[in-house]
Amino acid sequence: MSDSSGEKPKLSSREREERRRFLRSVAVGGVVTCAALAGWLQHKVAVAAPRLRPPGALDEDAFLAACIKCGQCVQVCPVQAIRLADLQEGVGNGVPYIAARDQACDFSCDATQCVLACPTGALSHLIDKKEQVTMGVAKLVHGDACLARQGRGFRGKARGEAFAGRLRYVDIDRWKPQAVAGRAYDVPLCDLCVRECPIKGAIALEPVSADPADPRRTPVVKASCVGCGVCEMICPAEPAAIQIVVTPTGREPKRAGS
Amino acid sequence: MSKGLLQLTREGLALLFGRTPEKPPAEAVTPEAAALLAFKKTPAERKRRKEAIAAERAEDVMSWKWRSRRWASIILLNGLFVLSFWLDLQLVEGSLTASRVLGFHMADLNSSLQLMLAHKHVVLNLVIGVTTVFLIYVIVGGRSFCSWVCPYHLLSEIAELLHLKLAEKRLVKDHELDRRLRVVLFGVFAVLAFATGFTLFETISPVGILSRALTYGTLVGLIWVALLLAVEVLWSRRFWCRYVCPVGLTYGFVGAVAPVRILYDSEKCMHEGKCRQVCLVPHVLDLTKMSYATELREPIGPDCTRCALCLDACPTGALSFDVVGITRRPPPAFAPGGPGAAGLETSAHGKADAA
C-alpha cells in the first residue's frame with residue numbers, strides 16, 4: 001500500500017469489499033422492489049377498460065388481491081373460456097379473465113364450477129346459479145353494424161369456418177359444448193344474440209319504429225343480463241355490434257334472497 | 001452440555017435471518033467435541049488427513065446421486081401439474097401458488113400470507129390449504145420446497161453450473177450480497193401487500209410465473225425469469241434464492257426444527273470444504289470448518305434446503321440425511337465411554353483398507 005495521493009484514511013480491502021457488498025445489496029433490493037411496484041403502477045395508470053372476470057369475481061381491486069393466481073378456475077371450465085393474464089398486466093399477472101369474443105362463458109358447466117374451484121373466495125361463493133352472476137352487462141356498442149337493426153337476416157356460420165369457440169347447443173347435446181363453426185344459421189332476421197343467450201329474458205329484439213311493416217329490430221338488454229358474453233361471441237358483425245361492458249366496482253355478488 | 005432444542009432453534013433462526021457464523025467460544029464446545037478436536041490436531045492425524053485429501057483430490061469425482069433424484073422430483077411434480085391439465089388427469093390441479101392434490105387443498109405459504117395481508121379476509125378453503133402445506137414442511141424441513149419442488153431452483157442450478165464454468169475461466173465473478181437483504185425484502189413485501197392491497201411480490205415471483213407458464217402457457221413472464229437467470233450466470237451466483245426470495249425465508253422459518261434434516265458427523269469430517277463450495281447456503285455448513293463444531297454430531301440449520309449436494313460432494317459421508325427418532329446410527333467413538341481415538345483409528349483404517 002504505497003498510494004500517497006489519497007488524503008482520507010484508507011479503508012482496508014475487507015472494509016471496501018463490505019461497503020461494496022452493502023451498496024450492491026441496497027441496489028438489488030431497490031431494483032426488485034421497483035420491479036414489483038412497476039406492476040402496481042401499471043395497474044394504477046392503465047387506462048384500458050378492466051378485463052371481463054369469471055363469474056362471481058369480486059370488485060376489481062379486491063379480486064386482484066384475493067386471487068392466488070393458481071388457475072384452478074381455468075382447469076374446470078368445460079369451454080376453456082377462462083385464461084390467465086401474463087406479466088404485462090402488472091399486479092394482474094396470473095389472474096383469470098375471459099375474452100368473450102373468442103370464447104364466452106356459456107354456463108356449459110351448469111353454472112359456476114369455477115366458483116367452486118376457487119380456493120380463496122376471489123370468485124365469491126355467494127353465487128351458485130347462473131342467474132346470480134354479475135360479471136358485466138351487454139351493450140349495443142356498434143349499433144350501425146347490427147344486422148337486426150338493418151332489418152337483415154343471417155345465413156351461414158356465425159363467426160366463419162376457422163372460429164374455435166364452442167357453445168352449449170342444447171338441441172344437439174346438453175352436456176357437450178359444440179363448435180360454433182359447426183352450426184350453419186339461416187334466419188330471416190338476425191337474432192343470434194337473443195337465440196343463444198343462456199339467461200332467459202336477458203335480451204330481446206324490439207321494433208325500432210311504430211310502423212308494423214318495418215322489419216328492423218334492435219336488441220334490448222334487460223336487467224337480468226349477467227354479462228356472460230355469449231352475445232358478443234356469437235354476433236356475426238365484425239367487430240361485434242354487442243359487447244360486454246365491465247365495471248371495476250359494483251359487480252360483486254350479493255347474498256341471494258337473504 | 002449438548003444443545004437443547006430451544007438453543008438449536010434460536011441459533012438456526014439467527015443464521016436464517018442473516019447472522020454471520022462465528023467460531024464458537026471454548027466453553028460452548030462439549031468435552032467430547034473438544035477431545036475429538038485435540039485428536040484431529042495431533043501431527044499424525046494431520047498428516048493422515050492431508051494424505052487422504054490429496055488422494056481424494058486426485059480422483060475428484062462428484063456424485064450426481066442426490067442431484068439427479070432431486071431434479072427428477074422437480075420435473076415429476078411440475079410435470080404432474082402440466083399433465084393433470086393437458087390430459088385431464090385431475091391429480092394435481094392448479095399451480096404452485098395453490099392447488100388441489102387428489103382433491104385436497106394445498107396453498108403456498110408465502111402466496112397465502114401475501115394474499116391475507118392484501119385482502120385482509122380469509123376463507124376456510126385457504127386455511128385448510130395453508131395448514132396442510134404448513135404441516136408437511138414442519139416435518140420435511142421448510143426449504144425442501146426450494147430444492148425438491150421449485151421449478152426456478154432447477155433452472156437456477158443449471159445457471160449456476162454455467163456460472164461456475166465461466167468463473168473458472170475468469171470470465172465472470174461472483175458478487176456476494178448481504179444475506180439480511182432477504183429479511184428486509186420479506187418485510188418490504190409484507191408491508192407493501194398490506195398497504196397497497198395488492199400481492200406485489202406475486203407479480204414478480206418466478207415460482208408462480210414458471211408454474212403458470214408450464215401449465216397455462218403464460219410466456220411473457222419468462223422474460224423476467226430469463227433476466228434473473230442472466231444475473232445469476234453473469235453477476236451473482238444464485239442471487240435470487242440466496243438473497244432475495246421471501247418464499248425461501250417463509251419455508252425456512254416454518255421448518256426451523258424439522259425432524260427431517262441433514263446431520264453433520266464431525267468424526268468423519270476431513271474439513272476439506274467441498275460441501276461449502278457446492279452449497280446454496282454455505283453459511284449453514286460453517287460448522288464443518290475445523291474448530292467450529294460444538295458437538296460430535298450436529299444438525300444443519302433451517303436455511304438448509306435439504307438439496308443434498310453436500311452429500312454428493314462429501315467423500316467421507318460426514319453429512320447424511322437424518323430423521324429424528326427413525327434413523328439409527330452407531331454411537332460416536334468419542335462419546336463418553338466410547339473407544340475414542342482408538343475406535344476412530346480402527347474405523348478409519350478399515351475404510352482405507354476397503355478402498
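Throughout, read-outs are computed from the coordinates displayed, never taken from laboratory work. It should be emphasised that the depicted structure is a prediction, and the values quoted were computed from it without experimental measurement. With ideal geometry, Cβ positions are generated from the backbone for all residues, glycine too; neighbour counts draw on all protein chains shown.
Here residue B:120 is the anchor, and the lysines within straight C-alpha reach of less than 23 Å, apart from those fewer than 8 places off in the same chain, are A:44, A:69, A:254. Would you look at the GNM of chain B, springs on alpha carbons closer than 10 Å, and say which of B:67, B:49, B:328 moves the most? Result: B:328 has the largest fluctuation of those listed. Take every pair of alpha-carbon atoms less than 8 Å apart whose residues are at least six positions apart; their mean separation over the length of chain A yields a relative contact order of 23 percent. Straight Cα distances below 12 angstrom link residue A:200 to the aspartates and glutamates A:131, with same-chain residues fewer than 8 positions distant left out. Taken one residue at a time, the phi angles of region B:87-98 give Karplus couplings (6.51, -1.76, 1.60, θ = phi - 60°) of 9, 6, 6, 6, 8, 10, 9, x, 8, 5, 6, 7 Hz. Gly and Pro are set to x.
Taking K and R as +1 and D and E as -1, what net charge do the other residues with C-beta under 14 Å from the C-beta of residue B:224 add up to? Once positives and negatives cancel, what remains is -3.
Other residues lying with their Cβ under 9 Å from the Cβ of residue A:178 contribute a combined charge of +3, Lys and Arg counting +1, Asp and Glu -1. In chain A, a dipole from Cβ-located charges (positive for Lys and Arg, negative for Asp and Glu) runs towards its positive end, and of A:43, A:250, A:165 it is A:43 whose Cα lies farthest in that direction. Considering Cα pairs under 8 angstrom that are at least six residues apart, work out the relative contact order of region B:209-355 and quote it in whole percent. Relative contact order here is 22 percent.
By definition, a body whose alpha carbon gyration tensor gives a ≥ b ≥ c is oblate when a/c is 1.5 or more and a/b is not larger than b/c, and region B:65-149 fits this oblate description.
In a reduced charge model with +1 at each Lys and Arg Cβ and -1 at each Asp and Glu Cβ, chain B shows a dipole moment near 400 debye about its Cα centre.
Residues in region B:216-231 carry Karplus couplings, in order, of 10, x, 7, 8, 4, x, 5, 4, 5, 4, 4, 4, 4, 5, 4, 4 Hz; the curve used is 6.51 cos²θ - 1.76 cosθ + 1.60 with θ = phi - 60°, and Gly or Pro positions show x. In chain B, a dipole from Cβ-located charges (positive for Lys and Arg, negative for Asp and Glu) runs towards its positive end, and of B:317, B:204, B:76 it is B:317 whose Cα lies farthest in that direction.
For region A:60-245, a simple Cβ point-charge model (Lys and Arg +1, Asp and Glu -1, everything else neutral) yields a dipole of about 340 debye relative to the Cα centre.
Placing +1 on the Cβ of every Lys and Arg and -1 on the Cβ of every Asp and Glu, with no other charges, gives region A:60-161 a dipole of roughly 500 debye about its Cα centre. Our helix-only sum for chain B, with -39,500 (n - 2.57) per DSSP H run of n ≥ 4 divided by its residues, gives a mean residue ellipticity at 222 nm of -17000 deg cm²/dmol. Between the helical axis of B:340-354 and the longest alpha-carbon principal axis of chain B there is an angle of about 80 degrees.
The distance linking region A:143-205 with region A:220-255 is 15 Å (Cα centroid to Cα centroid, whole angstrom). Other residues within the sphere of radius under 12 Å centred on the Cβ of residue B:206, judged by their own Cβ, net out at -1 (K and R +1, D and E -1).
If you sort the three axes of the alpha carbon gyration tensor as a ≥ b ≥ c, you get a/c of 1.5 or more for region B:66-254 and a/b no higher than b/c, which makes it oblate. Give the shape of chain B as rounded, prolate or oblate, defined through the alpha-carbon gyration tensor: a ≥ b ≥ c are the square roots of its eigenvalues, a/c under 1.5 means rounded, and otherwise the shape is prolate if a/b is larger than b/c and oblate if not. Here chain B falls in the prolate category. For residue B:98, the residues whose modelled amide H falls within less than 5 Å of its own, excluding neighbours fewer than 5 places apart on the same chain, are B:108. Taking Cα atoms only, the orientation of helix A:13-45 departs from the longest principal axis of chain A by about 20 degrees.
Using θ = phi - 60° in the Karplus curve 6.51 cos²θ - 1.76 cosθ + 1.60, the 3J(HN,Hα) couplings for region A:84-91 round to 9, 6, 10, 4, 5, 8, x, 5 Hz; x is entered for Gly and Pro.
A dipole drawn for region A:60-245 from +1 and -1 charges on Cβ atoms has a positive end, and of A:71, A:87, A:209 the residue lying farthest that way is A:209. Close Lys pairs in region B:1-99, defined as Cα atoms under 28 Å apart and 8 or more places apart or on different chains, number 10. Sites listed here are trypsin sites (Lys or Arg not before Pro) in region A:55-143 whose DSSP assignment is loop and whose Cβ has at most 16 other Cβ atoms within 10 Å: A:129. Axis angle, to the nearest 10 degrees, between helix B:31-40 and the longest C-alpha principal axis of chain B: 70 degrees.
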